[in-house]
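Trainee: Pasting a structure here, questions to come.
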Amino acid sequence: FYLDKLDEGVKALSCDSGDRPVQLIGHSAGGWLARLWMGSEVYNGKKYDGASRVSTLVCLGTPHYSQEKYPFGRVPETRVGENVDRLDERARGSSLWFTNTMYPGAFHPNVRYVSICGRAVKGQISGPGASVDSLFAYSSYQANSGDGDQWGDGVTDLLSARLEGAEWLELPDC
């Protein structure tokens, strides 16, 4: 659904702009979903191959490397029409891990990748400065990177947000 909408939107923008590449901004999962959409491999029965239509991808607070170890669990995805021989079990059951397997880091050389994340909340469960915000952040960071005791924007930790090979911008107090 999201990838189809992104594809429709970029096609419409491309028509309006004379086929000039667009600059995309993705927030949270929208950042890695844009990376998936730019790829040329069949995903869930469709091939988007959007990289040639993008000049820059800016990812805001995107957990590119989330381990997806949510406290409430995770149901593996069932998708169709993919080259499963190239995918391990984790990539077959997770769109994020499919993305990281098929398009690691700043994968497309003609696309400028920028990762941005705030450094506003230190995840912690007790001690001086502990609060509801820091407890929530700890839980979220723990699910993403396996380390809740670090900095991030309150939802995404800095380790998960920093896409390998991308330009990096860390926003203090944001």
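The values are calculated or read from the model by the stated rules, or taken from the named source; none is laboratory data. Every value quoted in this text rests on a predicted model; they were computed, and no experiment measured them. Cβ placement follows ideal geometry from the backbone for every residue including glycine, while neighbour counts extend to all protein chains displayed. The accessibility values were calculated without ligands, DNA or RNA, using every heavy atom of the protein model including side chains. Shrake-Rupley method; radii C 1.70, N 1.55, O 1.52, S 1.80 Å.
Trainee: On C-alpha positions alone, give me the angle between the axis of helix 2-16 and the longest principal axis of the chain, in degrees, nearest 10.
Mentor: Compared with the principal axis, the helix lies near 60 degrees.
Trainee: Right, next: Considering all projection directions equally, how large on average is the shadow of the alpha-carbon convex hull of the chain, in square nanometres?
Mentor: 10.5 nm²
Trainee: Can you give the angle from 0 to 90° between the axis of helix 132-145 and the longest principal axis of the chain, with both taken from C-alpha atoms, to the nearest 10?
Mentor: 50 degrees
Trainee: Sort out the exposed loop trypsin sites (Lys or Arg not before Pro) in the chain (DSSP loop, at most 12 other Cβ within 10 Å) and tell me the longest stretch that has none.
Mentor: 75-174
Trainee: List the chymotrypsin sites (Phe, Trp or Tyr not before Pro) in region 36-119 that DSSP assigns to loop (not H, G, I, E or B) and whose Cβ has at most 14 other Cβ atoms within 10 Å. Which are they?
Mentor: F72
Trainee: Quick one: with all protein chains in place, what share of the accessible area of the chain is carbon or sulfur, to the nearest percent (1.4 Å probe)?
Mentor: 55 percent
Trainee: Can you list the lysines whose alpha carbon is less than 17 Å from that of K11, not counting same-chain residues fewer than 8 positions off?
Mentor: Filter leaves K46, K47.
Trainee: Please determine, in degrees from 0 to 90 and to the nearest 10, the orientation of helix 29-38 with respect to the longest principal axis defined by the Cα atoms of the chain, where the helix direction is its Cα long axis.
Mentor: Taking the Cα atoms of the chain, the angle to 29-38 is about 20 degrees.
Trainee: Before I look further, what does the chain give for accessible area per residue, probe 1.4 Å, in whole square angstrom?
Mentor: I get 54 Å² per residue for the chain.
Trainee: While we're here: Pulled fully out, how much extra length does the chain show between D16 and K46, if you take 0.36 nm times their separation in residues and subtract their Cα-Cα distance?
Mentor: The span from D16 to K46 would gain 8.4 nm if fully extended.
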